Amino acid sequence: MNWFNVRNLHDRVEVFDPLRRKYVTLTPEEEVRQLTAHNLINLNAYPAGRIAVEYTLRSNRLERRCDLLVFSSNAKPWMIVECKAAGVQLSQATLDQVVTYSLLLPVKYVLITNGKELFCAQLDKESETFAFLEKMPDYE
């Protein structure tokens with residue numbers, strides 16, 4: 001995959017996203033999203049074909065987008081990833097955001113990152129609890 005292929009177009013910096021197969025505006029959050037996707041694929045051996053970018057979630061009339069959604073080997077939602085810009089502090093609000101997304105999808109894991117810090121938690125839907133993990137889960 002061609003990671004971090006950057007170009008200037010009409011006074012705008014863009015990065016080629018190999019998952020979406022197109023150039024997108026390189027915002028601080030997009031930079032973290034690209035780095036996170038790159039690490040999931042190249043460091044954690046998550047299959048690129050099982051990762052969706054800016055996946056739309058619908059609840060009643062509200063539309064939300066999670067930054068990355070990793071699907072399991074049987075094509076079911078498995079992990080929601082929420083990326084924040086490097087200068088954004090990860091907070092309870094960030095965790096609440098991704099946990100809210102997990103109410104719309106039957107995922108096993110949630111991950112939040114700002115490119116510097118990363119927190120991953122395993123969800124237990126039945127007891128409505130989660131536990132932070134020491135390391136990223138292996139792809140199933």
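Read the figures in this text as sums done on the coordinates, not as results from a lab. Just so you know, these numbers come straight off a predicted model, no measurement behind them. Ideal geometry is used to build each Cβ from the backbone, glycine not excepted, and the neighbour counts take in all protein chains shown.
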- Taking Cα atoms, how many degrees apart are the long axis of helix 92-104 and the longest axis of the chain, rounded to 10 and kept between 0 and 90? 70 degrees
- Taking neighbour Cβ counts within 10 Å as the exposure measure, how do 17, 124, 67 sort from fewest upward? 124, 17, 67
- Query: Roughly speaking, what is the centre-to-centre gap between the range 25-58 and the range 63-125 when only Cα atoms are used, to the nearest Å?
  - Reply: 11 Å
- Note on the structure: The answer for residue 26, listing residues at least 5 apart or on another chain whose modeled amide H is closer than 5 Å to its amide H, is 13, 14, 15
- Item | Cβ-based charge dipole, the range 40-85, positive-most Cα from 51, 62, 40 | 62
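Just flag the trypsin sites (Lys or Arg not before Pro) in the range 1-106 sitting in loop per DSSP whose Cβ has no more than 16 other Cβ atoms within 10 Å. All intermediate terms of the calculation are to be shown ahead of the outcome.
Working: sites: 7, 12, 20, 21, 22, 33, 50, 58, 61, 64, 65, 84; in loops: 20, 21, 61, 84.
Passing sites in the range 1-106 are 20, 21, 61.
Can you tell me what percent of all Cα-Cα pairs in the range 99-140 are more than 16 Å apart?
37 percent
Obtain the radius of gyration and the Kirkwood radius of the chain from its C-alpha atoms and give Rg over Rh. Intermediate values should be presented prior to the final figure.
Values: Rg = 15.0 Å, Rh = 15.6 Å.
Reported Rg/Rh (Cα atoms, Kirkwood Rh): 0.96.
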- Sorted by mean Cβ packing within 10 Å, highest first, what order do the peptides 41-47, 97-103 take? 97-103, 41-47
- Message: Are there any GluC sites (Glu not before Pro) in the range 45-112 that are in a DSSP loop and have at most 10 other Cβ atoms within 10 Å? List them by number.
- Response: none
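What fraction of the DSSP beta bridges in the range 28-132 is antiparallel, stated in percent and rounded to the nearest 5? Could you put the intermediate results ahead of the total?
Working: 21 of 26 bridges.
Around 80 percent antiparallel, to the nearest 5.
Report the number of Lys pairs in the range 28-132 whose alpha-carbons are under 20 Å apart, with separation of 8 or more residues or on distinct chains.
Lysine pair count for the range 28-132: 4.
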- Message: For the range 59-131, what does the relative contact order come out to in percent, with C-alpha contacts under 8 Å and a separation of six or more?
- Response: 26 percent
- Give me the angle, in degrees from 0 to 90, between the Cα long axis of helix 28-42 and the longest principal axis of the Cα atoms of the chain, rounded to the nearest 10. 70 degrees
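Using Cβ counts within 10 Å as a stand-in for footprinting exposure, how do 136, 79 rank, fewest first? Don't skip to the end; give the middle numbers.
Details: 136 16, 79 29.
By the 10 Å Cβ count, ascending: 136, 79.
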- Would you calculate, for the chain, the mean residue ellipticity at 222 nm contributed by helices, counting each DSSP H stretch of 4 or more residues as -39,500 (n - 2.57) and dividing by all residues, to the nearest 500? -6500 deg cm²/dmol
- Query: Taking amide hydrogens as modeled 1.01 Å from N in the peptide plane, which residues meet the under 5 Å criterion relative to residue 46, leaving out close sequence neighbours?
  - Reply: 41
